[in-house]
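Reviewing the structure listed below.
The values are calculated or read from the model by the stated rules, or taken from the named source; none is laboratory data. Keep in mind that what you see is a predicted model, and the values were worked out from it rather than measured. We place every Cβ from the backbone using ideal geometry, glycine too, and count neighbours over all the protein chains shown.
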Amino acid sequence: MIRGSDGEWLGVILEKYWYGHAYVVELWGVFEGLVYAKRLGLRAAELHIDSLIVANVLTSNKNGGPCGRSLVEKIRRLLELEWEVVVHNSSYRDVNQYADVLANFGRSLSLV
């Protein structure tokens, strides 16, 4: 979900990923969100991630696990573009309530 500086909705990405590992699904969400934010022409963004593991991988020199390494590399290339992106770990439910609603909706999507 992409929100503006005043909390207004700028867009949302609804994808259903069939990967079994939550770490990889979270990485896909970060990647797709950054791609969308870049398409919107944003020059600065705050990235709120509810996975401490993903936030730590993206803010360190670690490559992450083998199942998500290529996605981590793609995300880092996006982060290195000419814009400012700050990564936060937001584990509070009230901060992530909209993301939780969208995640539950995404689970209900059919394959067709």
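Data table
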| quantity | calculated |
| --- | --- |
| Qualifying residue in the stretch 52-61 (condition: modelled with pLDDT of 75 or more, small (Gly, Ala, Ser) and at positive phi) | no |
| Residue satisfying condition, being touching a strand residue (DSSP E or B) at 6+ places or on another chain (Cβ under 6 Å), within 25 Å of residue 3 (Cα to Cα), modelled with pLDDT of 55 or more and not aliphatic (A, V, I, L, M), within set 73, 84, 80 | 84 |
| Residue list for the stretch 74-93, restricted to those being in contact (Cβ under 8 Å) with a residue 40 or more places away in the chain and part of a loop (DSSP other than H, G, I, E, B) | 81, 83, 90, 91 |
| Residue, surrounded by the fewest Cβ atoms within 10 Å (Cβ to Cβ), within the stretch 31-70, restricted to residues that are more than 22 Å from residue 6 (Cα to Cα) and among the small types (Gly, Ala, Ser) | 60 |
| Residue count for the stretch 42-73, restricted to those that are in a helix (DSSP H, G or I), of a type in the set (Gly, Ala, Ser) and under 11 Å from residue 23 (Cα atoms) | 1 |
